[in-house]
Amino acid sequence: MTKMQQDRHNAAPDPFATAALAELARIDEHLDLGENQSAQALLQALREQPGLQAGELLRLQVRELRLNLNQELRLDQLDQVFDLVERAEQLGDPLTLAEALCCLARFQSRAHVITLALQSLGRAEVIYTTLQDEQGQNRCLMLVCKFLHDEAMHEEAIRRLEPWVLDEQRLAQLSPDDRYTLTISLAAAYSFVDRMAESTVLQERAYEDSKRRQIPSRMFRDAVNLANKRLWEGRLDATRAFLDEAEALLLDHEISDGQRSFLLQSQALYLWKMGRHEEAIARFHQARDNARRHAQWPILNRALMRRAECAEEAGLWAEALCARREQVELAETQLKTLKQSTGNSLMRMLGHVRTQAQNDYLRQHGNALERELAERNRQLQATLLNLQGEMQVRRQAETALQEARDALELKVEQRGRELEQAMRLLLEREKQAALGHLVAGVAHELNTPIGNALLATSTLSDGLLAHRQAFEENRLRRSDMNQLHAELEDGLGIARRSLARAADLVSRFKALALEQSSAQVIEFQPQQVIENTLAVMAPALRAEQVELDNRGRPGRLLRNDPGALGQVLAQLIENSLVHGFRNWPPPHRLTLTEAVQEGHYVLRIEDNGRGMATEHLARAFDPFFTTQLGQGSSGLGLHMVYRLVTLGLQGEISLHSAPGQGCRVTLSLPLRVDGSDQV
């Protein structure tokens, strides 16, 4: 939703803050109960009301489409539901958009695209959470459980439902309808995983609630479910009582034709257990025909299976064979239909998603262009108004305006100078503070090599002056020349090495800024980078008598900057050589371990050197921090490693160490990064 649409939505009153809101709630209740005729009548009456606005019509269409989905599933309904989602987004009504997304999720679930259904439902749940609509959030929870039940994911449904249904305090916060729906959903899930005792307790609780509230459709369903449970418990009298109650409800109240399939199958099972096999088989035939007419495939399959078992028990082998053959044909037909329906649905959904992405792209750029044009128009209008004002003021009072303008310009100039001076002072203080931290570290490191160079050049200057005096006084000897040459050679050597050390430190300071142009993102084998780095570091490793242990070759390609990874590895190895192994008794071991964990490439570099003190771990990655200050270490190595890993390679780094127990550094890098994000 754009800001303009959000402002318009916040400013306009909710069109359903009237009796129509109660009518919509009644329609939803009928749809939840499967009372399609009652829902159809209410929808028709509400549509005939005069003066309906666009948002009202849209919410009515959402419920009409849901009613159609309850009756049958057609591919053209996918176009309708995507159209509803798009219109809700354009209208800027988040509540209507959430309802349209729930409708889209129902279609995707019916088309057996459960992943997309859960994704659409997740978008709706985010909207309800943002609007603090608890009823909408509960509706999403119940839809998730329904989808899981339809896909036979009963364990997952139990995991989601138990925290609600088994917590009396939490359950009491829900509406009676939501409590009932969650209770029977958990009861059904229990029955499918053979937790029949728990299922029966919850079903009896739901049955008592339906009787107390006198809801015929629910009483019918609960009575049929309890009849089944009593039947398998061997309590045939109780089964007959529940079936009689369901039959009476069927005659006196509006019960959907689809619910008749449950009753017919339960009656057939009862007749079977009573030993009336031929009557049972005839009733199984009725259940089969009714389930096929309403596309109730799970009920149809169960009716065929029980019919075959009943016929086998009665010795009616032809009837049993016929039922088994119908089962096989049903399975083949379902599989073929499912493949075709799922394929067609996915292709249609893909087309809609592609179109929506293109529309979003065009809308985004159109909004940016619109904002830019509006800003240009505003600037132009402001300029024209200023010009008109100036012309009018000049015509009316040229002299008075000039005096006021002069006074104003003087005041503005004075305030401007004061502001500029204050800002300059503030910036100077900020720069001085930052410069102080940097110069302190730089000066300390550069002091020794530059001091040595100055001492060497000063000594050479003194020697050269003495040589010149001896030359002018004509007392220069050959030995003086040889001594001068030796002093020049030694002094220049000292100055050259000191200046080279200073230049090296300066280049390392400059390397603190990771330039974007230095990154090269390609696909590479990390093991190859490791082997190349170890080959380059081989002389130094041999000098310290280091035993290498290079473990693990995950064989995965990384898309990242191999140069940055090589720099990190080389610096960490050098850190182990200098700070871990130098002046530390052998054996010296360096272990490299690779793995792929949770979508990341993990590299561990571990040594058995002297380790680090606990108080130094927190500062290990700080710039200019080193435990060998003045002994050739600048304190920039681990800081550079940290910047390369976190900014260049977009990963994470951790350090674990203890005195005398070595040091372990762990790098966690994403398998793929976008080159545009490199620093």
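Any read-out appearing in this document is the output of simple, stated calculations on the displayed coordinates, not a laboratory observation. Bear in mind the structure is a predicted one, so any value in this text is a computation, not a measurement. Counting neighbours? That spans all protein chains shown, and the Cβs are built from the backbone with ideal geometry, glycine included.
Structure summary
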| item | result |
| --- | --- |
| Full-stretch length increase - ARG293, LYS411 - with 0.36 nm per residue and alpha-carbon distance subtracted | 33.6 nm |
| Projected label distance in nm at THR399 and VAL536, using a 7 Å step from Cα toward the beta-carbon | 8.2 |
| Linear extension gain, ALA466 paired with GLU313, 0.36 nm per residue minus alpha-carbon span | 42.3 nm |
| Estimated FRET transfer efficiency when R0 is 56 angstrom, pair ARG496-SER654 (beta carbons, to 0.05) | 0.85 |
| Burial ordering of TYR642, TYR180, fewest other beta-carbon atoms within 10 Å first | TYR642, TYR180 |
| Cα gyration tensor category, rounded, prolate or oblate, for the range 182-271 with a/c compared to 1.5 | oblate |
| Using a Förster distance of 60 Å, the FRET efficiency for GLU279-GLN381 (Cβ separation, nearest 0.05) | 0.10 |
| Compactness of the range 256-335 - radius of gyration and Dmax, Cα, Å | 11.7, 35 |
| Sequence of SER217, SER479, SER185 once ranked by neighbouring C-beta atoms within 10 Å, starting from the fewest | SER479, SER217, SER185 |
| Magnitude of the charge dipole, the range 183-339, Cβ model with Lys/Arg +1 and Asp/Glu -1, debye to 20 | 360 |
| Residues with amide H under 5 Å from that of ASN550, placed H, sequence gap 5 or more | LEU592 |
| HN-Hα J in Hz across the range 577-589 - Karplus 6.51, -1.76, 1.60, θ = phi - 60°, x for Gly and Pro | 5, 7, 9, x, 9, 4, 6, 10, x, x, x, 9, 10 |
| Projected label distance in nm at ARG47 and ARG212, using a 7 Å step from Cα toward the beta-carbon | 3.8 |
| Cα-centred dipole magnitude for the range 97-169, charges only on beta-carbon of K, R (+1) and D, E (-1), debye, nearest 20 | 340 |
| Distance in nm between pseudo-label sites at ARG477 and GLN132 (7 Å out along the Cβ direction from Cα) | 10.2 |
| Where the Cα pairs of the range 516-677 fall when distances are cut into 10 Å bins, in % | 10, 40, 36, 13, 1 |
| Computed E for THR448/GLU489 - FRET, C-beta separation, R0 22 angstrom, nearest 0.05 | 0.50 |
| Extension reserve of the SER458-CYS322 stretch, reckoned as 0.36 nm per residue once the Cα distance is removed | 37.7 nm |
| Rh by Kirkwood over Cα pairs, then Stokes-Einstein D for the range 545-587 at 1.306 mPa s and 10 °C, µm²/s | 125 |
